[in-house]
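Structure first, commentary second.
The values are calculated or read from the model by the stated rules, or taken from the named source; none is laboratory data. Since the structure is predicted, the reported quantities are computational estimates derived from the model, not experimental observations. Positions of Cβ are backbone-derived with ideal geometry, glycine not excepted, and every protein chain shown enters the neighbour counts. Side chains are part of the model used for accessible areas, which takes the heavy atoms of the whole protein and leaves out ligands, DNA and RNA. Shrake-Rupley method; radii C 1.70, N 1.55, O 1.52, S 1.80 Å.
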Amino acid sequence: MKRTLLCLICLALPLFFAAKDKPAESEKKAFVPKPVVAVRADEPVALDGVLSETVWQTPGADEFLQTDPVDGSQPSEKTKVWIAYDDASLYIAAYLYDSDPKSIKQLLGRRDDPLDSDWFFVSIDPYFDRRSGYQFGVNPAGSIMDLTLSNDVSEDDTWDGVWESKAVVNGEGWIVEMRIPLNQLRFPKKDEYVWGVNFQRSIIRKKERMSYAWVPKEDIAFVSRFARLEGIKDIHPGRHVEFLPYSVGQAQFKPSEMGNPFQTGRRTLGNAGFDLKIGLKSNLTLDATVNPDFGQVEVDPAVINLSAYETYYQEKRPFFIEGASLFNGFGRGGVYINANLNWPNPSFFYSRRVGRSPQGYVSQDGFVNFPDRSTILGAFKLTGQVGDGWNVGFISALTAREFADIDSLGMRSREEVEPFSYYGVLRAQKDFNKGQQGFGIMATGVARDLRSEALNGILNKNAFSLGFDGWIFLDKKRAWVIGGWFGGTRIEGSREDILRIQNSSMHYFQRPDATHVEVDPAATSLMGWGGRLALAKQQGKYLFLANLGVLSPGFNPNDMGFQYGSSDIINFSILPGIQWTKPGKVFRNATLIGGPFRNYDFGGNKTWDGWLTSFYGQLLNYWGGEIMLAYNPETTSNRMTRGGPRATVPPGYQVNLSLSSDNRKPIVFEGFTSTYQRPSESYEWSTEAGLRWKPRSNFNLSLGPGYSFEDSQLMWVTRIQDPLMTATYGNRYVFGRIRQRVLSSTIRLNWIFTPRLSLQLYLQPFIAVGEYGCFKELARPKSFEYNVYGEGDSTIAYDGRRYTVDPDGDGPAAPFSFWNPDFNVKSLRGTVVLRWEYLPGSLLYFVWTQNRADYAHPGDFQFRRDLGDLLTAPGDNIFLLKVSYRWSL
């Protein structure tokens, strides 16, 4: 009764918030900046930081307002901005006056590095759709940033345009000049144009931020509030064509292995390919790549994953990350605040599926040369706007058939480990009524040429998904919004393959106590559906977010997408909140949110439950911190036994604490610690720290050590079939106590010689040790009762490699055994990258990658010994030289 009453109170909160905010909103009109007029340049514009050209002698735009430290107040320093254009380019000039020019913060950094320095940004909305655009930034040292804007407030820094800038510090402040070729922007062809524009400036020593198109902190909006940019007409940018061939040489040095013809200690490789970018129209771009190479990207971090689900790795390959916001924004349009509380957050498109590691295996004995990735034969990407305002994106890729080479006593053979495959994804989205409503579609497809019988049993032949998303703002101020998505998936394959899928961790159709799912051994396809709906109030003092998400038991996007967790879920959460945006006696700003969340499966079983509250505040001295408290009452899990019956999960609670220091200082600190405890079952604790040292304007060093400890009585080990174990449906679900320690660190060094020449180092030492013991089995479903091996009539013995268990001593149950699951994983991964943009868009990379690992002493953690083993372990060293050249045709 109390829980029902609390839920009703949370459901009534939106009505309270609407009534509470209504008077204030009706009295407060949105700030409307003055239009900015661009002037045609009739003479050449030199980027020299002098501002002597005629076009810079007009009054310019100078009516800025602060966002920080006092929202809506007048800036402490004057700023004046001008815009000019000719047939080929857009020019921006800004005079950023400063009463203390010697204190202007100048830092050098690689492109798109958000340095703790002064900055000037110009943002442009060429479609004037009030939702999308581009942003260009320059700091006093000449470092640059460029981003694409979407969904009004979303930013994507993966796009790298080809443009020029100049920054000069003088006795009155500093000057910025930019030249942006019009062929780098997308816009429909017209006789006369009206675009959206905004200018922003930050003065880091004062923690001051100001904007020309000012938006109050209580309002979550950006592009929709831009000023009008008028005056541009009669421009003819021409067709944009870029051809970027590349050549790469690689030398690999790895420890040799006696008798292994594939591991002789050294190997040299060469490769070549090209990228092509074509502006089909002024608002549509085709990107193509043939035989791409991504050897310059940073290595993935080491992890220990003891769950039943795969690890998610970030995309780092330039072809796939540039312009990815259109695809990644599916289902998120209109709703700018988000919370995923025990929601698996499925994605229909996960670009790392393309060119993934081969999924097959080798059935023969001998030395094996196994490919580390699938070769991308070619790919193209079409992005832009077509028709009546439809934003579109289409990616199509082909990957090669891959083989593993086997040497068995001198006899060579090959086995196919990855089939020839096609990957495709289509995305389209359209706004209506100036962004008040929106509708979108996403479709994906994967087709594999399965000629190998082994691969036919473990891979889906075809996989398709189709989804729709959209949003509706409920008021003109766009405070209230309803948004979400709905879609379905279908996979096709052999009976063996689909049976494997039904029994996998995504579905667990074999659950013996589930009445709403069952295994179909004759099935050759599997279909499912899912969706999520959000109601949000995201402006004003009072906030509100309610989510309802559903994934049917057969939903599976993982051939082309990614989902961490199982389907068969009904998830909801209700999170009211309040924010303070004006400085007070203690905090400059603060936010408090909290509320309930719960999960059910399609059989009506409650599988997760809890309450959460979180408070974030920034102090007057610019230190910040957050505390999060959560409580989970007792529930039953339909996943803990990995395809077995439900088991009871005891109550637990979580506490998170974080702290961050003032980023203006030469040394910046960040810290995080978390604990999750179930007093009767487990204890987890982790801590992380971040330290950034900025001794010089062109050099910084970051250290990120972390440590975690887990002591859990119920870590999954294995499942043993035993018809005599009728209490748990003829299977023994074996768990063990684990004591796990993970010690790691990330080390980054950035040495910037010029904005176009830099040296970066990334290093990750990693040690993870897990010790198992106190093995046991679930005694009966929907309980917290376990039979501990070695107690009562049961026995357990260990021979140094395997455990042998007799569950009932002299009874009729047969003994069984399993391998010792202890582990001690030590890894050191690092990359050094020298990057030189010797001409605009033309790059030279020199890369050194090292990877070393050791697995000695499983289950036994001794820091000095394990660190010594890591540092002395044999390492793989790869040296790479890559050169690309940009031709603009």
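Which of the following residues is closer than 17 Å to G249 by Cβ, of a type outside the set (G, A, S) and either open to solvent by 40 Å² or more (accessible area, probe 1.4 Å) or touching a strand residue (DSSP E or B) at 6+ places or on another chain (Cβ under 8 Å) (or both): R801, R829, R835?
On the way: R801 fails: closer than 17 Å to G249 by Cβ; R829 fails: closer than 17 Å to G249 by Cβ.
Going through R801, R829, R835 in turn, the sole match is R835.
Quick check on segment 125-179: of everything there that is over 23 Å from Y85 (Cα atoms), acidic (D, E) and in a loop (DSSP other than H, G, I, E, B), which residue is modelled with the lowest pLDDT?
The extreme case among them is D157.
Tell me, please, whether a residue that is more than 19 Å from N750 (Cα to Cα) and open to solvent by 60 Å² or more (accessible area, probe 1.4 Å) can be found in segment 692-704.
Step one: list which residues in segment 692-704 are more than 19 Å from N750 (Cα to Cα), which gives none.
Among the residues of segment 692-704, not one is more than 19 Å from N750 (Cα to Cα) and open to solvent by 60 Å² or more (accessible area, probe 1.4 Å), which makes the answer no.
Output the number of residues of segment 106-120 satisfying the condition of being closer than 21 Å to D48 by Cα, surrounded by fewer than 20 Cβ atoms within 10 Å (Cβ to Cβ) and of a type outside the set (S, T, N, Q).
1
How many residues are within 30 Å of A853 (Cα to Cα) and either at pLDDT below 90 or among the basic types (K, R) (or both) when one looks only at segment 231-254?
Restricting attention to segment 231-254, the residues satisfying the condition of being within 30 Å of A853 (Cα to Cα) are 248-254.
After this cut, where a residue has to be either at pLDDT below 90 or among the basic types (K, R) (or both) as well, the list is 254.
Final tally of qualifying residues: 1.
Yes/no per residue for (1) polar (S, T, N, Q); (2) outside any strand (DSSP E or B); (3) within 30 Å of L185 (Cβ to Cβ):
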residue: F394; (1), (2), (3): no, no, yes
residue: G424; (1), (2), (3): no, no, yes
residue: R427; (1), (2), (3): no, no, yes
residue: D431; (1), (2), (3): no, no, yes
residue: G435; (1), (2), (3): no, yes, yes
residue: A443; (1), (2), (3): no, no, yes
residue: A447; (1), (2), (3): no, no, no
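Yes or no, residue by residue, for (1) buried (at least 16 other Cβ atoms within 10 Å of the Cβ); (2) under 21 Å from S783 (Cβ atoms); (3) not acidic (D, E):
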position	(1), (2), (3)
N571	yes, no, yes
G584	no, no, yes
R588	yes, no, yes
I593	yes, no, yes
D601	yes, yes, no
T641	yes, yes, yes
A647	yes, yes, yes
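Which pairs turn up if I take residues in segment 752-775 that are among the aromatic types (F, W, Y) and look for partners that are open to solvent by 50 Å² or more (accessible area, probe 1.4 Å) with beta carbon separation below 6 Å, at least 6 apart in sequence or on another chain?
What qualifies is Y762/E298; Y762/R748.
Given the options V788, V769, name the one that is open to solvent by 20 Å² or more (accessible area, probe 1.4 Å), modelled with pLDDT of 95 or more and within 27 Å of F818 (Cα to Cα). Walk me through it before giving the result.
On the way: V769 fails: open to solvent by 20 Å² or more (accessible area, probe 1.4 Å).
Every option except V788 fails the conditions.
Give the residue that is surrounded by the most Cβ atoms within 10 Å (Cβ to Cβ), with candidates limited to residues of segment 649-675 that are farther than 14 Å from E688 by Cα and of a type in the set (D, E, K, R).
Here the answer is D662.
Considering only segment 672-705, how many residues are under 25 Å from N632 (Cβ atoms), in a strand (DSSP E or B) and either touching a residue at least 24 places away in the same chain (Cβ under 8 Å) or not charged (D, E, K, R) (or both)?
Adding up the residues that qualify gives 13.
Provide a single number: the residues in segment 517-564 that are small (G, A, S), open to solvent by 10 Å² or more (accessible area, probe 1.4 Å), within 30 Å of G355 (Cα to Cα) and not in a strand (DSSP E or B).
Within segment 517-564, residues that are small (G, A, S), open to solvent by 10 Å² or more (accessible area, probe 1.4 Å), within 30 Å of G355 (Cα to Cα) and not in a strand (DSSP E or B) number 1.
Would you pick out the residues in segment 78-96 that are part of a strand (DSSP E or B) and aliphatic (A, V, I, L, M)?
V81, I83, A84, L90, I92, A93, A94, L96
For P292, only one of the following conditions fails: (1) in a loop (DSSP other than H, G, I, E, B); (2) open to solvent by 30 Å² or more (accessible area, probe 1.4 Å). What is its number?
(2)
Return the total of residues in segment 186-230 being over 30 Å from K105 (Cβ atoms) and either open to solvent by less than 10 Å² (accessible area, probe 1.4 Å) or at pLDDT below 95 (or both).
Our first condition is that a residue be over 30 Å from K105 (Cβ atoms); within segment 186-230, this holds for 186-195, 224, 228, 230.
If we keep only those that are either open to solvent by less than 10 Å² (accessible area, probe 1.4 Å) or at pLDDT below 95 (or both) as well, we get 186-193, 195, 224.
Here the count works out to 10.
Does L880 satisfy being touching a Pro at 6+ places or on another chain (Cβ under 8 Å), under 23 Å from D300 (Cα atoms), buried (at least 18 other Cβ atoms within 10 Å of the Cβ) and of a type in the set (A, V, I, L, M)?
Criteria not met by L880.
For residues in segment 372-390 being of a type outside the set (V, I, T) and within 15 Å of R401 (Cα to Cα), which is surrounded by the fewest Cβ atoms within 10 Å (Cβ to Cβ)?
D372
So, in segment 26-77, how many residues would count as being of a type in the set (G, A, S), open to solvent by 20 Å² or more (accessible area, probe 1.4 Å) and assigned to a loop (DSSP other than H, G, I, E, B)? Before you say what the answer is, go through the steps one by one.
At the first step, the residues of segment 26-77 found to be of a type in the set (G, A, S) are 26, 30, 38, 41, 46, 49, 52, 60-61, 72-73, 76.
Narrowing further to those that are open to solvent by 20 Å² or more (accessible area, probe 1.4 Å): 26, 30, 46, 52, 60, 72-73, 76.
Next, from what is left, pick out any that are assigned to a loop (DSSP other than H, G, I, E, B): 30, 46, 52, 60, 72-73, 76.
Matching residues across segment 26-77 total 7.
Find the residue count for segment 473-504, including only residues that are among the aromatic types (F, W, Y) and in contact with a helix residue (DSSP H, G or I) (Cβ under 8 Å, 6 or more places away or on another chain).
Qualifying residue count for the region: 1.
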